[in-house]
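These notes concern the structure reproduced below.
The values are calculated or read from the model by the stated rules, or taken from the named source; none is laboratory data. As the structure is a prediction and not an experimental result, all values here were calculated from the model. Every residue, glycine among them, receives a Cβ derived from its backbone with ideal geometry; neighbour counts consider all protein chains shown. Side chains included, ligands, DNA and RNA excluded: accessible areas come from the protein's heavy atoms. Shrake-Rupley method; radii C 1.70, N 1.55, O 1.52, S 1.80 Å.
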Amino acid sequence: EIEDPYGANYGSVVELQGKLLAPLPHSAPNVLADMLFPRIHVIANMGNPLLATLYSWRITLSNIIEQALPQPAAALLAAILLGLHTPALHPLSPIFSETGTVHLFVSSGFKVTLLAGLVANSTKWLYSNKIEQGKLLPAQKRSGWRRWLSTILVIISIAVYTILNGAGAAAIRAGIMGELLVITPRIGRTYNVYTSLAFAALLMSLSNPFIFWDIGFQLSFMGTLGIVLLTPFFQRLLLPIEH
């Protein structure tokens, strides 16, 4: 949801007043207690200033989209680009559920790949010239500082977009795999999607051991794994009608 400027946002230290209850059935392992209808007071603001700035940009970009487009087109674009689910999007949610296109609203490797491709193509001028392309060996091309500068710009872009997209479990998973996709060819290694997916899960679990109970992580991880495993099968199945 859109962050409330008068409520709790990223970096806010909140105080809850209410009655503590036992966790509800099927709660995640990291949920130790529940509190129904608590009173919430923001008592301080902390957090990483850089992250706070990026989250603020997220809200600013959403406001610009809402001013530039009518509803519900603005809500749809904000959900696709920024992962923000505004109230104007709620009437459209059943439609996307019935058509199986809810994945447009969530973070995905497809969006990260598009962003990486756009940034990489827009920075080709840093290293694409006839002398370099014609006279340097492959190993020399990988180690050129201009190519590394382009790679660093792509990496930064993916990291920033991951935060602007909400930095949820799906966004972080897609961001880590996108970073690996950019880095591996630059250091002369072959990208392996299974290794990348496992490495992303490892990093995320080191940061938060309860991430495996996050429904966003589960859907993102299993969805990505399913695409990789089932794509060759369907390619062979549809091969007779390819032409």
In the range 16-39, what residues are among the hydrophobic types (A, V, I, L, M, F, W, C), open to solvent by less than 100 Å² (accessible area, probe 1.4 Å) and in a strand (DSSP E or B)? Leu16, Leu21, Met35
In the range 224-242, what residues are free of Cβ contacts under 8 Å to residues at least 24 places away in the same chain and within 18 Å of Met177 (Cα to Cα)? Gly226, Ile227, Leu229
Within the group Phe210, Phe221, which residue is under 20 Å from Leu180 (Cβ atoms), in contact (Cβ under 8 Å) with a residue 12 or more places away in the chain and not polar (S, T, N, Q)? Phe221
Residue set Leu180, Leu137, Leu206; condition at negative phi, surrounded by fewer than 14 Cβ atoms within 10 Å (Cβ to Cβ) and either at pLDDT 85 or above or in contact with a Gly (Cβ under 7 Å, 6 or more places away or on another chain) (or both); output residue Leu206
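For every residue, the table says whether it meets (1) part of a loop (DSSP other than H, G, I, E, B); (2) surrounded by 13 or more Cβ atoms within 10 Å (Cβ to Cβ); (3) at positive phi.
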{"site": "Thr53", "(1), (2), (3)": "no, no, no"}
{"site": "Gln67", "(1), (2), (3)": "no, no, no"}
{"site": "Ala79", "(1), (2), (3)": "no, yes, no"}
{"site": "Leu84", "(1), (2), (3)": "yes, yes, no"}
{"site": "His103", "(1), (2), (3)": "no, yes, no"}
I want to confirm something. Restricting to the range 140-177 and keeping residues that are surrounded by fewer than 22 Cβ atoms within 10 Å (Cβ to Cβ) and basic (Lys, Arg), which single residue is modelled with the highest pLDDT? Arg147
Give Arg236, Arg147, Arg189 a once-over and let me know the one that is out of contact with any Asp or Glu (no Cβ under 7 Å at 6 or more places or on another chain), not in a helix (DSSP H, G or I) and not aromatic (Phe, Trp, Tyr). Arg189
Restricting to the range 29-46, name every residue that is touching a residue at least 24 places away in the same chain (Cβ under 8 Å) and either farther than 21 Å from Ile211 by Cα or β-branched (Val, Ile, Thr) (or both). Ile40, His41, Val42, Ile43, Ala44, Asn45, Met46
